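The values are calculated or read from the model by the stated rules, or taken from the named source; none is laboratory data. Given the structure is predicted, the values throughout are model-derived calculations rather than measurements. Note that each Cβ is placed from the backbone with ideal geometry, even for glycine, and that neighbours are counted across all protein chains shown. Heavy atoms of the whole protein, side chains included, go into the accessibility calculation; ligands, DNA and RNA do not. Shrake-Rupley method; radii C 1.70, N 1.55, O 1.52, S 1.80 Å.
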Amino acid sequence: MSTQIQIIPSTAPVGAEVRGVDASANVDDATFDAIKDALHKYKAIVLRKQKLTPDQQLAFCGRFGTLDPHVLPQYLVPGYTQLVRISNVLDDAGQPIGMIDAGRVWHSDGQFQAKPNMYSMLYALEVPHDAAGQPLGATQFVSTAYAYAQLPQATRQRIEGLKAVNSLAAVYATLKRNNVASLRAPLTEEQKREVVHPLVRTHPVTGEKCLYVSRAATMRILGLAQDESDALIGELADWCLREGSIFTHQWQVGDLLMWDNCASQHFAIGDYALPQRRLMNRTTVGGTVPF
Ligand code: SIN
């Protein structure tokens with residue numbers, strides 16, 4: 001018999017809280033399927049008040065698919081290849097123990113990979129607060145399926161069949177342009193590799209069409225002059241973020257936030273600094289070649 005879960009959608013076109021799940025326990029198949037359906041429907045879902053060891057996070061998240069090793073191995077949780085730390089906390093040598101600037105641009109995880117990440121799961125161990133006790137370091141989401149569905153017909157026709165070049169080097173360049181204080185190691189030649197993906201991709205499970213473009217990772221649209229390409233990338237990126245589209249997740253310790261990288265983009269708000277500490281462990285599930 002499955003556990004009774006409750007789904008509370010946000011007021012935005014993306015995001016929901018799923019109640020009634022203990023991800024550290026042996027979640028039965030029917031309940032798990034309901035959680036996965038909610039993830040596909042709402043694109044970003046949170047399970048609150050979870051108490052997860054690294055192994056329990058890996059076990060639960062691993063049910064969504066094969067977990068990817070992280071592209072920047074220096075930030076892995078010691079002893080784990082598939083669990084990356086996102087944190088502004090420093091070690092005894094003054095070095096960050098995790099990625100300090102993760103997500104400071106609107107993006108979809110792994111867009112610069114031939115097979116981008118399908119889902120990401122972020123588990124909150126420490127959440128920064130302001131002096132009044134309000135949480136800082138929120139994560140925002142938009143639905144790229146909603147963005148595509150709402151596009152004017154003429155724009156849909158204009159972008160039909162277009163492909164774009166994406167790269168992690170472009171993400172780094174954007175972080176630098178935005179003055180995000182990155183302490184990341186320089187990229188290897190392999191990490192700098194450019195990949196071509198469709199500008200509109202089809203969700204492999206739901207069949208929904210999703211805009212697949214971001215100012216950070218998308219360098220140019222094939223077949224267009226660079227200025228035309230820049231203008232179209234900007235227009236589509238802005239369309240995804242237009243008023244009323246954004247869901248803001250305010251973190252609590254114990255949140256397990258999961259998102260669908262095909263059908264959403266996210267942005268981490270960097271409005272905190274030490275001694276306000278943020279520590280989260282992230283897992284990512286592998287995806288397929290976008291089509
Ligand atoms: C990310 O982009 O994966 C990080 C999101 C966050 O830290 O809120």
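The table for this structure:
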quantity	calculated
Spatial separation of Cα centroids for the stretch 1-68 and the stretch 180-258, in angstrom	24
Cα gyration tensor category, rounded, prolate or oblate, for the stretch 197-251 with a/c compared to 1.5	oblate
Extended-chain gain in nm, criterion 0.36 nm per residue less alpha-carbon gap, R242 and E160	27.4 nm
P(r), alpha carbons of the stretch 151-235 - 5 Å bins starting at zero, rounded %	3, 13, 21, 22, 17, 13, 8, 3, 0
Scattering curve values for the chain, log₁₀ I(q)/I(0), Debye with Cα scatterers, q = 0.15, 0.16 Å⁻¹	-1.20, -1.37
With every protein chain in place, the chain: carbon and sulfur % of accessible area (1.4 Å)	53
Cα point-scatterer Debye curve for the stretch 61-107, base-10 log of I(q)/I(0) at q = 0.14, 0.26, 0.27, 0.31 Å⁻¹	-0.40, -1.01, -1.04, -1.13
Cα-Cα separations in the stretch 1-71 greater than 14 Å, expressed as whole percent	61
Excluding exposed DSSP-loop GluC sites (Glu not before Pro) (at most 11 other C-beta within 10 Å), longest clean stretch of the chain	1-159
Accessible surface, per residue, of the stretch 148-234 when the full set of protein chains is kept, probe 1.4 Å, Å²	53
Difference of contour (0.36 nm per residue) and Cα-Cα distance, A225 to S24	67.2 nm
Per-peptide average of other Cβ atoms within 10 Å, ordering 113-121, 93-101 highest first	113-121, 93-101
Range of Cα positions in the stretch 167-291 per principal axis (Å), largest first	48, 36, 32
Accessible area (Å², per residue) of the stretch 35-101, counting only protein heavy atoms and a probe of 1.4 Å	45
Among L122, G15, C61 - extreme Cα towards positive end, dipole of the stretch 1-160, charges at beta-carbon	G15
Selection from A225, N26, V165, by position along the positive dipole direction of the chain (Cβ)	A225
Unit charges on C-beta of K, R, D, E only; dipole of the stretch 6-285, Debye	200
Helix-only CD estimate at 222 nm, as mean residue ellipticity for the chain, using -39500 (n - 2.57) per DSSP H run (n ≥ 4)	-6000 deg cm²/dmol
E190 versus V289: modelled label distance in nm, points set 7 Å from Cα along the beta carbon direction	2.0
Over 19 Å (Cα to Cα) - which of K43/K192; K115/K176; K36/K163; K41/K209; K115/K209 fall in this group	K43/K192; K115/K176; K36/K163
Most positive-pole-ward Cα, G133, T283, P198, against dipole of the chain from beta carbon charges	P198
Potential lengthening between Q134 and A149 on full extension [0.36 nm per residue; Cα-Cα distance subtracted]	1.9 nm
